[in-house]
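Below is one structure, written out as structure tokens, with a few remarks after it.
What follows draws every value from the coordinates through simple rules; no lab data is involved. Just so it is clear, the model here is predicted, and its values are computed rather than measured. Positions of Cβ are backbone-derived with ideal geometry, glycine not excepted, and every protein chain shown enters the neighbour counts.
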Amino acid sequence: MTAATLARPAGARSIDQLLAEARSRITRLLPGQAAARLREGAVLADIRPAAQRAHEGDVPGALVVERNVLEWRFDPASDARLPEATGYDVEVVVLCSEGYTSSLAADALRALGLTRATDVIGGYRGWVAAGLPVTGGSGAS
């Protein structure tokens, strides 16, 4: 690559900047806090791909919504919404493997009007490290 191909276009931001901006707009939860929110009625949306879930395991009660369809499934105005997308006040807690993609996804839901959307700090791996319930998986988390 040449220096010209590595020059960032005007107005472009790095992924680290995008992540920081997304996280500035959401209130992230520690795994234990997320578990408490689920007991209070929040929806846990596991956005990890099928292969990752098969390897790492699952969180009992999580709603599997892969990342590529998340906005369509939770937008209350979408014809493709899930029954859990009952309105803009539904609390969606997004879970990925390590807590990076979930921050971007939660911010996308927030931009749709789901102001209570958030994610789990540390993702699935943080959930496991906190000793919270999981099932299955073919490998170490």
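Structure data summary
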| item | result |
| --- | --- |
| Cβ-derived FRET efficiency at R0 22 Å, residue 27 paired with residue 84, nearest 0.05 | 0.60 |
| Principal-axis tilt of helix 15-24 within the chain, Cα atoms, nearest 10 degrees | 50 degrees |
| Charge dipole magnitude, Cβ of K and R +1, D and E -1 - the chain, Cα centre, debye nearest 20 | 280 debye |
| Debye intensity ratio I(q)/I(0), log10, segment 66-141, q values 0.16, 0.22, 0.25 Å⁻¹ (C-alpha model) | -0.61, -0.95, -1.08 |
| From the C-alpha gyration tensor of the chain, square roots of 5λ in Å | 26, 20, 14 |
| Dipole-positive endmost among 78, 104, 24 within segment 1-105 (Cβ charges, Cα centre) | 24 |
| Potential lengthening between residue 20 and residue 135 on full extension [0.36 nm per residue; Cα-Cα distance subtracted] | 38.2 nm |
| Gyration tensor (alpha-carbon) shape descriptor, segment 18-65, a/c threshold 1.5 | oblate |
| Residue-averaged 222 nm ellipticity for the chain, from DSSP H runs of 4+ at -39500 (n - 2.57), nearest 500 | -10000 deg cm²/dmol |
| Loop-exposed trypsin sites (Lys or Arg not before Pro) per DSSP, neighbour cap 15 Cβ within 10 angstrom, longest uninterrupted part of the chain | 82-141 |
| Degrees separating the helix 101-111 axis from the principal Cα axis of the chain, which is the longest one | 90 degrees |
| Ranked list, fewest to most other Cβ atoms within 10 Å of each Cβ, for 46, 107, 75 | 75, 107, 46 |
